[in-house]
């Protein structure tokens, strides 16, 4: 079997050695070279043609974010960012994921790196210029009494930004679980809030579900659920991981199925694993409309594939079509066919 060729780019010799030691344990991975800054890395990419790059965020001569932008524009390939999980590191990581980085890992804790390198080697990576322009926001949009629930993981930052871009200021109440470290979600919610017409915020326990609001599950110790009653609300419940995740998409979808039933729309986007498949199936069985991202537009066709294979996905769509389709399904008067 062909080994995955990895180039390690970091200005710290200690971190480079740690990454090499971490990756070299797996016989399927070969570290073919290292570089201490982006200028060295540029030459190494040409000479070594790696399958995957690990890239430090903070480096001399050119930041990792600046170098990533050049990679994704000129020579797109799977890049895993290695960042400190600080406030500044989290903001930079969101920048990187928006630019098309496959994923981020924290240093010095690199225990997830091997699995992410293997997944990155199979990822669909697109050049920055190949991404579809966002759909225009609908004029005169009238939401019905429905809720939209979205689940995503690897590749989800870029995907969610595209899905939410056409949402009008009075979009249906929207709840999102995106697999993301606790230190990242506040930055990501703030980024979405700046770029989207609706109000985007980290979900808080007891927050009422209102039109024109998007609620992002905070990373960390709790699952995001929906509770019923006269005024449905967000609930953050501390509980063990589900499918290896907390928050988990399955937990969110299952609660939406129970509270809203056919008055809901479920969307599952790019990501590794199968989290969300069972929950989306529960939604569909109650009469909810469900959408899955198609393989061609997914960075990782794992979660959408698992959901599709068990019959949870009613329609598979390319990423560029998912936002408008979800809005149509939540509208009083649909612009297109359901």
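Read-outs throughout are calculated quantities, based only on the coordinates presented, and are distinct from any laboratory measurement. Because the structure is a prediction, the values reported are computed rather than measured. When we count neighbours, we look across all protein chains shown, and the Cβ atoms used for this are built from the backbone with ideal geometry, even at glycine.
Given labels modelled 7 Å from the Cα in the Cβ direction, how far is it in nm from residue 12 to residue 332?
Label-label distance for residue 12 and residue 332, simple model: 5.6 nm.
Given a Förster distance of 56 Å, report the FRET efficiency between residue 193 and residue 1 from their Cβ-Cβ distance, rounded to the nearest 0.05.
Plugging the Cβ-Cβ distance into 1/(1 + (r/R0)^6) gives 0.80.
Which whole-number percent gives the relative contact order of the stretch 118-179, counting Cα pairs below 8 Å spaced six or more residues apart?
Across the stretch 118-179, relative contact order equals 44 percent.
Given axes a ≥ b ≥ c from the Cα gyration tensor, I'd like to know whether the stretch 1-40 is rounded (a/c under 1.5), prolate (a/b larger than b/c) or oblate.
Oblate, because a/c is 1.5 or more while a/b does not exceed b/c.
Determine the percent antiparallel among the DSSP beta bridges restricted to the chain, to the nearest 5.
15 percent
I need to check one value: relative contact order of the stretch 1-134, counting alpha carbon pairs closer than 8 Å and at least 6 residues apart, in percent.
Relative contact order comes out at 24 percent.
Note the angle between two axes, namely the Cα long axis of helix 38-48 and the longest principal axis of the Cα atoms of the chain, as a number of degrees from 0 to 90, rounded to the nearest 10.
That works out to roughly 80 degrees.
Compute a Gaussian network model of the chain, connecting alpha carbons closer than 10 Å, and tell me which residue from 139, 117, 300 fluctuates the most.
Its mean-square fluctuation being the largest, the pick is 139.
Helix-derived [θ] at 222 nm for the chain: sum -39500 (n - 2.57) over DSSP H runs of at least 4, divide by residue count, nearest 500?
-10500 deg cm²/dmol
Can you quote the Å³ per residue value for the convex hull of the Cα atoms in the stretch 1-148, rounded to an integer?
Convex hull volume per residue, Cα atoms: 154 Å³.
Based on the alpha-carbon gyration tensor of the stretch 120-241 and its eigenvalue square roots a ≥ b ≥ c, which shape applies: rounded if a/c is under 1.5, prolate if not and a/b is larger than b/c, or oblate?
Here the stretch 120-241 falls in the oblate category.
How fast does the chain diffuse by Stokes-Einstein, in µm²/s, taking the Kirkwood radius from C-alpha pairs at 37 °C and 0.692 mPa s?
162 µm²/s
When the gyration tensor of the stretch 59-100 is built from Cα positions, what are the square roots of 5 times its three eigenvalues, in whole Å, from largest to smallest?
18, 12, 8
For the stretch 1-31 and the stretch 54-70, what is the separation of their C-alpha centers, rounded to whole Å?
Using only Cα atoms, the two centres lie 18 Å from each other.
Which angle between 0 and 90 degrees, to the nearest 10, do you get for helix 13-24 versus the longest principal axis of the chain when only C-alpha atoms count?
Rounded to the nearest ten degrees, it is 70.
Given contacts defined as C-alpha pairs under 8 Å and at least six residues apart, what's the relative contact order of the chain, whole-number percent?
Relative contact order here is 13 percent.
Expressed as an acute angle from 0 to 90° and rounded to the nearest 10, what is the orientation of the C-alpha long axis of helix 64-74 relative to the principal long axis of the chain?
Helix 64-74 sits at roughly 80 degrees to that axis.
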